Amino acid sequence: ITKIPVLFMTATCTIKMHAQLLTLTGLKKCSSNKNVFWPNAMSMMNTRVKMNVVYSTRPSASFQGLVGSSLGKKSVDSFIFYANSRNMIDRVCKRFGLCVDTEGYETDVLCLIGPMKKEEKFHITRLFCKTKVLKENDVDSGDDFNPRVLFATSGAANCGIDNAQVKGVFRAEIPPSLEDCNQEKGRAGRRDSANFTTDFYTTCISLESVIVLLKRIYGSTNNKGKYQKSLLSDLDQVMNTIVIPSRCILSALAMKSSNPYNSGVGSNMYFPPPCQFSCTYYRGDYSIIFLPIIREGICQILMDLYSGLHRISSEITFDPVLVQSIQEYPNANKLIFGKRSNKKPQPMTIKKLLLQLMAAKILCYSAKITNENNNANSNGTGDGTNRKIEIIATLGFSNIHGRHEYNMNLDHYWSCIKLK
């Protein structure tokens, strides 16, 4: 019996992660002990971290405004900043590292990205978790060195950060998957005094961040076939859960990471109680983020731009083509938002609208990849250098009486959006 390998998994190991682990290890004859303790959905709702969703295209300014007052020299609070790309991490880290806290002291920061070596990642993790005493000849030595902010890319520091001083986690871009949300949210609220009023997990959403993530998925030569479909499916789940939620966000995340084997003890176990006040959905903040729209008006505009008198002749990208076309459309403000103003709608307002339509699958997307010779390359083949990737906005088609026509009358899609 002692020679039988045993694998212990944490509570956030979902069925999907379990299957991927078996694939990676090549195990075929493997059984799961379904009777061991593993929190169900009700238990996973017992969290002390507030869930915030904000629309922001300036994550560095939002992050600094959110944590700036908590970085005094006498404070012990720490924070983690997550982003999808290394460029975002480098840019924000350099900018934030030059800032000073409320007491005039420079803020010490650490940076953790995917390409780093295992030893270097371990060293930075130990520094941030305050588990290693620096030596005098260490590069980061000094009495004043006190890393309070960790900047990390998605997946690089989702696990292993067990620091009770982490008061808040800030995500600069839309998460690639709900697993990332659960893991990142779990970095905060690890002290006994944690509560909804002090500990937070804030996620920034924007049309730009979704487009950047789609370009990354479609543009990588490693993301092909089933793996690419899996990444796109993960993004669809995130959009449906965070951008246009239909219920408590913390409840949805709890269901995602709860025990897949014995969480169904009783029908109520599948539907954890809502948080009531600790997530953006139940606080009603989405009414501030997104304006209610008129369904008939946006349908009229989209149908006209795709197949009517105002048809767009070029490739319809989300930004800038579709954003500018809607902004220039006659009476767009009145048709979409019911405003009695002749002014054009602001680009930011239109981008929020398009993000909702994309999340509800009223607007679909596809990728157009062009190589350096400007030849269409739908398969994405080639040497992978100087490739231009555009995310094209498309409308769904339906087969009606043998003809393919645009279908804008899918009620279950529109039900996800607040209408006037």
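The values are calculated or read from the model by the stated rules, or taken from the named source; none is laboratory data. Values in this document were obtained by computation on a predicted structure and should not be read as measured data. Cβ coordinates were reconstructed from backbone atoms using ideal geometry, including for glycine residues, and neighbour counts include every protein chain displayed. SASA here: full protein model, heavy atoms, side chains in, ligands and nucleic acids out. Shrake-Rupley method; radii C 1.70, N 1.55, O 1.52, S 1.80 Å.
At a probe radius of 1.4 Å, what is the per-residue accessible area of MET303, in Å² to the nearest 10?
Accessible surface of MET303 is approximately 60 Å².
Just the accessible area per residue of the stretch 204-243, please: how many Å² with a 1.4 Å probe?
44
Which order do the peptides 81-91, 196-206 come out in when sorted by mean C-beta neighbours inside 10 angstrom, highest first?
196-206, 81-91
Quick one: net charge of GLY160's neighbours, Cβ under 13 Å, K/R +1, D/E -1?
Net local charge, GLY160 excluded: +3.
Counting only protein heavy atoms and using a 1.4 Å probe, what share of the accessible area of the stretch 143-259 belongs to carbon plus sulfur, as a whole percent?
Summing carbon and sulfur atoms, their accessible area is 47 percent of the total for the stretch 143-259.
What does the charge count near PRO176 come to, summing +1 for each Lys or Arg and -1 for each Asp or Glu among other residues with Cβ under 10 Å from its Cβ?
Values: positive: ARG216; negative: GLU173, GLU179, ASP180, ASP234.
Charge balance near PRO176 sits at -3.
Taking the stretch 195-237 on its own, what percent of its Cα-Cα pair distances exceed 17 Å?
46
What order do you get for 150-157, 342-349 when each peptide is scored by the mean count of other beta carbon atoms within 10 Å, highest first?
Ranked from most to least packed, the peptides come out as 150-157, 342-349.
What part of the accessible area of the stretch 283-322, given as a whole %, is carbon or sulfur when the probe is 1.4 angstrom?
Its accessible area is 58 percent carbon and sulfur atoms.
Which sequence of ASP319, ASP411 reflects their accessible areas, 1.4 Å probe, from the largest down?
Correct descending sequence by accessible area is ASP411, ASP319.
Could you compute how much accessible surface HIS18 exposes when probed at 1.4 Å, giving the result in Å² to the nearest 10?
Here the residue's solvent-accessible area equals roughly 30 Å².
If you count only protein heavy atoms and use a 1.4 Å probe, how large is the accessible surface of GLU390, to the nearest 10 Å²?
Estimated to the nearest 10 Å², GLU390 gives 50 Å².
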